[in-house]
Structures are given as structure tokens and as C-alpha cells.
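Written below as C-alpha cells is the structure these notes are about.
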Amino acid sequence: MIHVVIPVLNRWHFTEPCLIALRRQTCQEFKVVIVDHGSTDGTRQHVAASFPEVTLLIGELSMWWTAATNMGVRYALAEGTAAVLTLNNDTVPSDTYIEALLQAAQVAGPDALIGSTALDQRTGETVSTGERVNWLLEKAESPSMPANCRHATLVSCERYPGRGLLVPAIVFSTIGLYDEDAFPHYLADYDFSQRARAAGFALYCATAATLGTYPEETSGNSLLKRKSLRHYLQHLFTRRGGAQLTSFYRYAFRHCPVYALPSFLMLGTARRLAGYWLK
């Protein structure tokens with residue numbers, strides 16, 4: 001049995017289709033945990049009324065993605081879960097999604113982290129199969145080569161976002177939870193997956209485990225839709241901002257190789273300062 005942990009702050013119009021898709025799964029060996037950390041759109045009432053099988057945890061409005069996710073992970077670990085699947089509420093799993101993840105885990109080994117293939121829910125195009133990083137150029141690209149000859153639908157990754165990542169319980173007991181102090185919202189997922197790899201755990205993407213996403217609906221992207229000086233400053237300096245500089249610098253000094261650090265910092269800072277106006 002695994003636990004699916006979904007942090008939620010409003011946006012019931014996304015959460016409902018996600019929960020409906022989880023009900024349709026061909027494999028039902030999982031439990032769903034919603035962490036509602038301050039919704040004002042009736043999410044709690046909707047979950048209680050329409051999805052009684054879902055465990056609902058009540059968090060605080062001061063929580064962001066990382067603390068809310070950790071709350072759900074702690075609950076799942078206390079329940080004796082074998083693994084935790086972290087999922088965002090603005091995702092739509094395919095009907096065979098859980099089955100494909102668990103099949104991939106059998107091939108990769110019981111201690112491997114398994115990510116999902118993110119598709120654009122509106123176009124069906126592949127958005128991500130995890131990432132490999134070019135530290136000198138401060139760029140990342142999705143891998144395409146098979147992870148090993150045994151199974152062509154496993155690809156090896158260097159880091160992976162938190163939407164749709166299956167994490168065995170042993171990983172949490174070894175490296176701890178997501179770092180909510182250093183990365184309260186953005187980059188906590190990349191940091192976690194890279195800490196796991198550094199501790200010796202393999203990280204793969206299961207190409208058959210497809211997950212519909214809405215790339216433009218992240219809180220960071222919402223600041224790009226109506227450009228203003230106020231939104232620009234929020235973009236750079238607040239937890240909501242996708243280019244939040246403090247988290248970027250913490251991430252760089254923690255994970256970037258020393259030889260590439262000057263280039264990584266210079267290019268990353270320039271992209272964040274100028275990118276808001278160019279997108």
C-alpha cells in the first residue's frame with residue numbers, strides 16, 4: 001500500500017478532476033491524503049461530501065508546498081506506508097498511472113525513486129520526463145536514453161519535480177523530509193531528489209506513467225500574466241515567485257559543482273532578472 005499526498009490551497013476546479021482520475025485507477029493499492037492548508041473555496045467540504053475515502057489533513061495558511069507536503073508525508077509514514085507519491089492537485093493521472101508506476105518500481109528496485117511523464121493536459125505533448133542539468137550553462141533538459149537494457153521505459157534522471165514522484169519510505173528515513181526551511185515552496189523537490197541521489201538512491205522516470213499537467217497554472221506563472229513592477233518584485237523576492245532569488249542561491253551553493261558555480265550563478269541571476277519581461 002502506498003499513500004498519495006496532495007497539498008491543496010483552493011483551486012477545487014483542479015482538485016476534483018484529479019481525485020476523480022485517482023478513483024478510475026486500474027490499480028487501487030493506494031490511499032489518498034489531501035493536505036488543505038488554508039483553502040477558502042469549500043475544498044474541505046467538497047472532499048468530505050464527495051470523496052469520503054480520502055484522508056483530509058488540515059494545515060495552516062502559513063504553509064507553502066513544502067511544509068504542507070511534509071505534513072502529509074509524516075502522516076503516511078506514521079501509517080506504515082511502503083512509499084509516498086507526491087502529487088499536485090493540478091494534475092490528471094491516466095487510468096493506468098499508479099499501475100505503471102508500481103510496475104516501473106518493480107523493475108528499478110525497491111529503493112528507487114520513480115517519477116512520472118508529465119504531459120500537457122490540453123495538447124497531449126510531453127512536458128517533462130525528469131531533468132539532467134548542464135551546470136555550466138544553467139540549463140536542464142529531459143533525458144531520452146533508456147536507464148538500462150532491461151526496460152526501455154525507464155530513463156535515468158538527475159533531479160525531478162515533486163508532481164508525481166514515488167518515494168520509498170526508506171528514502172525519507174535516510175535523508176529526511178523535504179527541506180521546508182531552506183526551500184519553503186520552489187526548488188524543494190529538486191533539492192530532495194538530488195539529496196536522494198547523493199545518498200545512493202537511483203532516480204528514474206517511468207515513461208508509461210503519464211500525468212496530465214497544466215504548466216501555465218503554477219503560482220509563479222500567474223505573476224507573468226499581468227506584468228507590473230509589483231509583480232516583478234514578487235517574482236524575484238517572494239515565496240510565490242517562480243524566480244525567487246534566495247532559494248535559487250541556496251540551491252546553487254548546495255548542489256552546483258564548484259567548477260561551474262560562477263557561471264551557474266551569473267547566468268541564473270541574469271535569466272531571473274531579465275526573464276520576467278521577456279516571457
Can you tell me which residue within segment 175-197, out of those that are hydroxyl-bearing (Ser, Thr, Tyr) and open to solvent by 10 Å² or more (accessible area, probe 1.4 Å), is farthest from His37 (Cα to Cα)?
-> Tyr190
For Val167, which of the numbered conditions (1) buried (at least 18 other Cβ atoms within 10 Å of the Cβ); (2) out of contact with any strand residue (DSSP E or B) (no Cβ under 6 Å at 6 or more places or on another chain); (3) modelled with pLDDT of 95 or more fails to hold?
-> (2)
Can you spot a residue in segment 174-186 that is in a helix (DSSP H, G or I), of a type outside the set (D, E, K, R) and out of contact with any helix residue (DSSP H, G or I) (no Cβ under 6 Å at 6 or more places or on another chain)?
-> yes
The number of residues in segment 99-110 that are open to solvent by 60 Å² or more (accessible area, probe 1.4 Å) and in contact (Cβ under 8 Å) with a residue 40 or more places away in the chain is 3
Output the number of residues of segment 234-254 satisfying the condition of being buried (at least 19 other Cβ atoms within 10 Å of the Cβ) and within 13 Å of Leu136 (Cα to Cα).
-> 0
Checked pairs for segment 175-187, first modelled with pLDDT of 90 or more, second surrounded by fewer than 16 Cβ atoms within 10 Å (Cβ to Cβ) and part of a loop (DSSP other than H, G, I, E, B), C-beta under 7 Å and 6 or more apart or across chains, list as Ile175/Ala199
Given the conditions (1) out of contact with any strand residue (DSSP E or B) (no Cβ under 9 Å at 6 or more places or on another chain); (2) buried (at least 16 other Cβ atoms within 10 Å of the Cβ), and given that Ala270 satisfies all but one, which numbered condition is not satisfied?
-> (2)
Are any residues in segment 22-55 touching a helix residue (DSSP H, G or I) at 6+ places or on another chain (Cβ under 8 Å), over 30 Å from Ala208 (Cβ atoms) and polar (S, T, N, Q), and if so, which ones?
-> Ser39, Thr43
Only residues that are aromatic (Phe, Trp, Tyr) and at pLDDT 95 or above: list them for segment 31-81, please.
-> Phe51, Tyr75
Set Thr246, Thr210, Thr238: member being of a type in the set (Val, Ile, Thr) and within 20 Å of Val127 (Cβ to Cβ) = Thr210
Selected residue (criterion: least open to solvent (accessible area, probe 1.4 Å)) from residues of segment 129-158 that are farther than 12 Å from Tyr204 by Cα and modelled with pLDDT under 90 = Ala140
Matching entry among Pro143, Pro161 (being assigned to a loop (DSSP other than H, G, I, E, B) and touching an Asp or Glu at 6+ places or on another chain (Cβ under 7 Å)) = Pro161
Residue tally, condition at pLDDT 90 or above and open to solvent by less than 30 Å² (accessible area, probe 1.4 Å), over segment 198-228 = 8
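The values are calculated or read from the model by the stated rules, or taken from the named source; none is laboratory data. This one's a predicted model, so the numbers in the text were calculated from it and none came from an experiment. Using ideal geometry, Cβ is built from the backbone for each residue, glycine included, and neighbour counts are taken over all protein chains shown. Just the protein is used for accessible areas: all its heavy atoms, side chains included, with ligands, DNA and RNA removed. Shrake-Rupley method; radii C 1.70, N 1.55, O 1.52, S 1.80 Å.
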